[in-house]
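First up is the structure itself, then whatever we jot down about it.
The values are calculated or read from the model by the stated rules, or taken from the named source; none is laboratory data. Just so we're clear, the structure is a prediction, and the values are computed from it rather than from any experiment. Cβ placement follows ideal geometry from the backbone for every residue including glycine, while neighbour counts extend to all protein chains displayed. Quick note on the areas: whole protein, heavy atoms, side chains included, nothing else; ligands and nucleic acids left out. Shrake-Rupley method; radii C 1.70, N 1.55, O 1.52, S 1.80 Å.
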Amino acid sequence: MTPDDMKSLVRSIPDFPKPGILFRDITTLIGHGEGFAASVALLSDRAAEAGAQAIAGLEARGFIFGAAVAARLGLPFIPVRKPGKLPVPVLAIDYALEYGTDTLEVDPGAVAQGQKVVIVDDLIATGGTACAALTLLRRAGAAVDEALFVIDLPDLGGAQRLRAAGVTVRPIMDFPGH
């Protein structure tokens, strides 16, 4: 299955979550066995090429793809969580959203000093969450220079923000607009 075949499996929903937004819904991709398997295989190949020693997935949809990639490669999975979800002392970072702030947390014991960690998530838009995760993982001691996404919305600039931070960004597909 080609990236274009996978792209055709992504459902577009107009005016969600608010008017003027064209939401790219990956549930139709993960609900298609061959499409989901092909996307995980492609992400896994790219993570292996990058020399990944662990995979970090961003809550929540990044868990779907990241955990599958980690399992396929036999690598540790590092969940980057919303606040209050981890039962141990955590490293946390607050970051700006379009309307307010949010927080991400990671278990610092899940990251070995200098470990080559590849970030995996479903979508990169403005890059706020991915850049916060990058900062948090690096603060935990990870070497992060690769991020993989199923979808890039290049017009929103998130991939460019990661590239400016020294990260190679490799999406499977992109969609113009927002």
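Quick look at the numbers
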read-out: Accessible area of the chain belonging to carbon and sulfur atoms, whole % at 1.4 Å probe; value: 55 percent
read-out: Under-5 Å amide H pairs with ILE172, H placed in peptide plane, nonlocal only; value: PHE149, VAL150, ILE151
read-out: Among PRO89, PRO17, PRO108: highest mean-square fluctuation, GNM of the chain, C-alpha pairs under 10 Å; value: PRO17
read-out: Rounded to the nearest 20 debye, dipole of the chain from Cβ charges on Lys, Arg, Asp, Glu; value: 320 debye
read-out: Reciprocal of mean inverse Cα separation for segment 100-178 (Kirkwood radius, Å); value: 12.8 Å
read-out: Under-5 Å amide H pairs with ASP145, H placed in peptide plane, nonlocal only; value: VAL117
read-out: Listed residue (ALA37, PRO83, ALA68) projecting farthest to the positive dipole end of the chain, Cβ model; value: PRO83
read-out: Estimated vicinal HN-Hα couplings, Hz - segment 75-85 in sequence order (Karplus 6.51, -1.76, 1.60; Gly, Pro = x); value: 10, x, 10, 10, x, 9, 9, 6, x, x, 9
read-out: Peptide ranges 120-127, 1-8, 79-86 listed from the most packed, as the mean C-beta count within 10 angstrom indicates; value: 120-127, 79-86, 1-8
read-out: For the chain, built as a Gaussian network whose Cα springs stay under 10 Å, the top-fluctuating residue of ALA112, ALA142, ALA52; value: ALA112
read-out: Distant-in-sequence amide H partners of ILE21 (H built 1.01 Å from N, under 5 Å); value: ASP15, PHE16
read-out: Restricting segment 77-172 to GluC sites (Glu not before Pro) in coil, as DSSP defines it, with at most 14 other Cβ within 10 Å; value: GLU98
read-out: Global geometry of the chain, whether rounded, prolate or oblate, following the gyration tensor of its Cα atoms and the 1.5 cut on a/c; value: oblate
